[in-house]
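Trainee: Here's a structure for you.
Each value in this text was obtained by applying a stated rule to the coordinates, not by laboratory testing. In this text the structure is predicted, and so the values were computed from the model without any measurement. Methodologically, a virtual Cβ is constructed for each residue, glycine included, from the backbone with ideal geometry; neighbour enumeration extends over all protein chains shown.
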Amino acid sequence: MAGRSPQGARLPSEELVAPRDRDGQDRPQLGVRREVELVRDDLLGQGTVCLCPTTERDLADGVGPARRLADAGAGLSLGSDSNALIDPFEEARAVELGQRLVTGERGIHAPEELLLAATADGHACLGWPEAGRIEVGAPADLVTVGLDRVGLAGTDPARAIGSVVFAAGSGDVREVIVPCAEDLDLLAAGSGVPRMAELSAFELHLIATGLSEVETEYGYLLVDSAAGISRQTVSFAAACDLVLVVTTPDLTAMTDAYALLKVLYAKHPECRPLLLVNRAGGDQEAHDVAERIARVCTRFMGSGPRFLGWLPDDRTVTSCVNRRAAVVLLEPEAPFGQALAFLQERIFSQLELHPGGGVGRRLLQEIGYSPGMG
């Protein structure tokens with residue numbers, strides 16, 4: 001469909017059921033990105049359609065016949081492919097609101113149907129029919145929506161699904177928890193969104209408040225911050241019980257590490273960060289890098305980071321990243337996996353020296369924001 005307006009395109013029958021026709025395999029969960037005007041009604045119920053209503057709205061591509069597809073037996077799922085707006089709630093209600101404009105009728109799609117399109121049916125389209133629902137043993141990313149903001153205030157619990165689908169926005173999301181492994185959850189942050197690197201004091205206050213609410217449920221909280229010396233990077237570092245600065249033998253990486261240490265020492269001279277050298281060619285190179293940074297820090301700031309250790313430049317890491325799994329799970333005997341296991345013990349021994357102070361509470365103090373401030 002590249003280069004053509006989907007609303008005016010005619011989709012040949014083999015494009016919808018291509019995997020079954022071309023190689024003889026039965027793969028009915030075929031997702032078609034962007035709904036189009038289909039030629040044959042007898043094909044409407046085959047496969048799953050991924051609707052991207054905010055994208056079509058932004059590109060003036062029209063409204064896809066979602067009700068007609070669903071009535072024919074096609075699965076409906078939701079997506080966003082233009083980054084014009086990243087909000088699954090808006091995508092869900094846009095399906096219904098678009099149908100209202102076209103048909104002049106309300107209630108074309110029930111809230112429960114739209115929620116399924118955004119969750120379970122979307123997973124089924126991707127080949128994960130066991131996901132997208134809250135059920136023992138089923139994989140799921142858990143999202144909590146606050147009902148205390150203006151748009152959702154006074155929500156009737158019996159009608160909460162309708163309220164969330166038609167009134168919630170991305171700003172109402174309180175927590176997103178992604179299970180990574182046993183006893184390990186991920187509180188996901190933004191990726192590839194420049195504005196996330198420059199959060200306001202109010203936004204940092206919200207993050208700190210959220211962390212203070214959930215951190216009591218965990219034994220440890222690991223904050224993976226962005227490189228650089230932004231206010232939020234330094235604030236998170238100052239709020240943590242233990243700071244680990246990661247660098248590489250590359251000169252630009254060492255310069256970035258020194259800059260962070262300089263700012264951190266200036267604001268918190270009592271801080272004693274640890275230093276880890278990643279992608280080192282060997283023990284000697286790692287120690288040379290650590291000594292070089294420590295020497296410069298001591299000369300100009302009177303104190304330097306403590307050298308924790310190093311990680312080898314191991315091609316196994318790239319292989320595991322491409323396979324979307326951790327090195328310690330797929331290749332624990334690889335040099336990188338063994339080095340991680342060794343560093344884990346050293347990190348835990350350091351944590352035992354620091355009584356937990358609570359990242360959320362300390363971050364609130366570090367930010368110095370209170371409701372009512374501009």
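Trainee: Give the distance, in whole Å, between the Cα centre of the stretch 206-269 and the Cα centre of the stretch 95-144.
Mentor: Rounded to whole Å, the Cα centres lie 37 Å apart.
Trainee: Turning to a different aspect of this structure: Only counting other Cβ atoms within 10 Å, I'd like Cys271, Cys50 sorted with the fewest neighbours first.
Mentor: Ascending Cβ contact count within 10 Å gives the list Cys271, Cys50.
Trainee: Kindly rank 320-327, 286-293, 177-184, 251-258 from highest to lowest mean number of other beta carbons found within 10 Å of each residue.
Mentor: Sorting 320-327, 286-293, 177-184, 251-258 by mean packing, highest first, produces 286-293, 251-258, 320-327, 177-184.
Trainee: Here's something else I'd like to know. Provide the packing ranking of 56-66, 213-223, i.e. peptides ordered by the mean count of other C-beta atoms within 10 Å per residue, highest first.
Mentor: Numbers: 56-66: 18.3, 213-223: 12.5.
Top to bottom by mean Cβ count within 10 Å: 56-66, 213-223.
Trainee: Ok, one more. Can you give me the three principal axis dimensions of the stretch 69-225 from its C-alpha atoms, in Å, biggest first?
Mentor: 51, 35, 35
Trainee: Can you give the local net charge around Arg149? Use residues other than it whose beta-carbon is closer than 13 angstrom to its beta-carbon, Lys and Arg +1, Asp and Glu -1.
Mentor: Once all neighbours under 13 Å are counted, the net charge is -1.
Trainee: Next question. By how many nm would the segment from Glu135 to Arg299 grow when fully extended, if each residue of separation counts as 0.36 nm and the alpha-carbon distance is taken off?
Mentor: Contour length minus the Cα-Cα distance gives 53.3 nm.
Trainee: Same structure, new question: Would you mind putting 263-269, 302-308 in packing order, based on average other-beta-carbon counts within 10 Å, highest first?
Mentor: Details: 263-269: 15.3, 302-308: 17.1.
Going by the mean number of other Cβ atoms within 10 Å, highest first, we get 302-308, 263-269.
Trainee: Oh, and also: Would you order Val95, Val243 from fewest to most other beta-carbon atoms within 10 Å of each residue's own beta-carbon?
Mentor: Fewest to most other Cβ atoms nearby, the residues stand as Val243, Val95.
Trainee: Using label points projected 7 Å from each Cα along Cα→Cβ, tell me how many nm separate Val150 and Thr216, to one decimal.
Mentor: Distance between the two pseudo-spin positions: 3.1 nm.
Trainee: If you don't mind, another one. Applying 1/(1 + (r/R0)^6) with R0 = 45 Å to the Cβ-Cβ distance of Leu126 and Ala266, what FRET efficiency is obtained, to the nearest 0.05?
Mentor: The calculated FRET efficiency here is 0.40.
Trainee: Stretch Leu242-Asp283 to full length: gain in nm at 0.36 nm per residue minus the Cα-Cα span?
Mentor: 12.4 nm
Trainee: On a full-extension model of 0.36 nm per residue, what is the gain between Glu291 and Ala259, subtracting their alpha-carbon distance, rounded to one decimal in nm?
Mentor: In short, 9.9 nm is gained.
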